[in-house]
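The values are calculated or read from the model by the stated rules, or taken from the named source; none is laboratory data. What you see is a predicted model; the values in this text were computed from it and never measured. Using ideal geometry, Cβ is built from the backbone for each residue, glycine included, and neighbour counts are taken over all protein chains shown. We work out accessible area using only protein heavy atoms, side chains counted, and drop any ligands, DNA or RNA first. Shrake-Rupley method; radii C 1.70, N 1.55, O 1.52, S 1.80 Å.
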Amino acid sequence: SSTVSEFIIIYKRRSGESFIKQFSDSTQALKERLRREAAIDDPDIEIAHISAPSLESLKKSHSRYFMGRVEVQDDQVDAA
């Protein structure tokens with residue numbers, strides 16, 4: 001199929017911290033976003049669902065999510 005990855009970003013506006021989870025499957029990413037949105041009731045926290053070819057291109061297109069501390073989690077154990 002395509003080489004696009006899905007990224008779920010949990011972004012803390014005040015601290016600038018981001019937790020980014022990468023998915024190869026858009027359905028899984030959507031489920032994760034909905035689960036996160038249901039679990040979080042905090043106006044400081046922004047949840048974004050973005051499709052991008054790679055983490056590098058995401059950094060270019062959405063640089064504000066990379067200003068502070070960033071934690072990235074991949075759904076693939078081995079991304080070789």
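Quick notes on this structure:
- Output for the stretch 46-61, where each listed residue is open to solvent by 40 Å² or more (accessible area, probe 1.4 Å) and outside any helix (DSSP H, G or I): 49, 51, 53, 54
- Options 13, 64, 35; residue that is open to solvent by 80 Å² or more (accessible area, probe 1.4 Å), in contact with an Asp or Glu (Cβ under 9 Å, 6 or more places away or on another chain) and free of Cβ contacts under 8 Å to residues at least 60 places away in the same chain: 13
- Test: residue in the stretch 5-26 that is at pLDDT below 95 and in a helix (DSSP H, G or I): yes
- In the condition set (1) crowded, with 17+ Cβ neighbours inside 10 Å; (2) in contact with a Lys or Arg (Cβ under 7 Å, 6 or more places away or on another chain), residue 22 is compliant with all but (2).
- Counting the residues of the stretch 32-52 that are farther than 13 Å from residue 9 by Cα and under 13 Å from the mean Cα position of the chain (by Cα) gives 0.
- Test: residue 6 is surrounded by 12 or more Cβ atoms within 10 Å (Cβ to Cβ) and not aromatic (Phe, Trp, Tyr): yes
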